[in-house]
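Visitor: First the structure, which I've put down as structure tokens, then a few questions once you've had a look.
Every number here is computed from the coordinates shown, using simple stated rules; none is lab data. Quick caveat, the model's predicted, so the values are computed rather than measured. Virtual Cβ from ideal backbone geometry, glycine too; neighbours counted across all protein chains shown.
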């Protein structure tokens, strides 16, 4: 089973190399790695070029946002499974892809997902948020819950059947995709109770200057998938962050300090 891993990048010179190295270090041998750079001018492109001989495909062209870049990667992909490793993120260990594929094969699921750790951009010594997803339940979807998008390994035929990321969204396209797949289409999922990705806070969805825009996009998503009242859904979604921050506060006791 071939896995296509996609990294979309724009001006991430401080983190892109860590993301690339975490993918290239995977023990799973059948990986197609695709990097999409939208026109970096900060030195990211030069870092990416250093790996041209080890990366399956590099797409260098402007786009209108991260999700258009990911969609370009999906369209270029030939794998049976699609996964994303953002340019600010890293796979936590070398067996992530192997373990996720094993569970997809074992369960026959359309999508496997797991847990993740958020770290602060300027201080990555301890987790800021610990996202423990848990099993997918319909009542949880009604209460604002979603799995962590960056841990999702989705079979290619799911995208072929239900479509790619909605590029009219600049921040919440992942929320829309997951709600469409889990709530509307009820695809089969598999929860893998492992921590598989480390993410830096301060991306599109965590930048304070973008919170207002994210609020509007989330409300629009809830209307489109008919999860109403939309404002209540948004508040419930925000509520799921509380235990994540609590786990972050106790990360040292949980043995999750780097």
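Visitor: In nm, what is the difference between 0.36 nm times the number of residues separating residue 56 and residue 93 and their Cα-Cα distance? Could the numbers behind the result be given before it?
Guide: Details: separation 37, 0.36 × 37 = 13.32 nm, distance 2.07 nm.
Result: 11.3 nm gained on full extension.
Visitor: Moving on to the next point. Where in the range 35-70 does the label zone of residue 25 land, with the point 7 angstrom along Cα→C-beta and an amide N cut-off under 18 Å?
Guide: 48, 51, 54-55
Visitor: When the helices in the chain are scored as -39500 (n - 2.57) per DSSP H run of 4 or longer and the sum is shared across all residues, what 222 nm value do you end up with, to the nearest 500 deg cm²/dmol? Walk me through the intermediate numbers first.
Guide: Numbers: 10 runs with 90 residues, N = 258.
Mean residue ellipticity, 222 nm, calculated: -10000 deg cm²/dmol.
Visitor: Using a Förster radius of 41 Å, what is the FRET efficiency between residue 2 and residue 46 based on their Cβ-Cβ separation? Nearest 0.05, please. Spell out each step's value before the answer.
Guide: Numbers: r = 29 Å, r/R0 = 0.70.
E(calc), rounded to 0.05, equals 0.90.
Visitor: Ok, one more. For the range 3-249, state the semi-axes of the equivalent ellipsoid (square roots of 5 times the eigenvalues of the alpha-carbon gyration tensor), sorted largest first and rounded to whole angstrom. Could you put the intermediate results ahead of the total?
Guide: Working: eigenvalues 134, 85, 70 Å².
They are 26, 21, 19 Å, listed from largest to smallest.
Visitor: Follow-up. For the range 42-136, what class follows from the C-alpha gyration tensor (a ≥ b ≥ c being the square roots of its eigenvalues): rounded when a/c is under 1.5, otherwise prolate if a/b is larger than b/c, else oblate?
Guide: Numbers: a/c = 1.83, a/b = 1.17, b/c = 1.56.
Oblate, since a/c reaches 1.5 and b/c is not below a/b.
Visitor: Among DSSP beta bridges lying fully in the range 71-213, give the percent that are antiparallel, nearest 5. If you can, show how the numbers build up before the last one.
Guide: On the way: 12 of 20 bridges.
In the range 71-213, DSSP labels about 60 percent of beta bridges as antiparallel.
Visitor: May I ask what percent, to the nearest 5, of DSSP beta bridges between residues of the chain are antiparallel? It would help to have the intermediate numbers written out before the result.
Guide: Details: 12 of 35 bridges.
Percentage antiparallel, nearest 5: 35.
Visitor: Still on this model: Give me the extension gain from residue 64 to residue 250: residue separation times 0.36 nm, minus the current Cα-Cα distance, reported in nm with one decimal. Please report the intermediate quantities before stating the final value.
Guide: Details: separation 186, 0.36 × 186 = 66.96 nm, distance 3.89 nm.
This chain segment gains 63.1 nm when fully extended.
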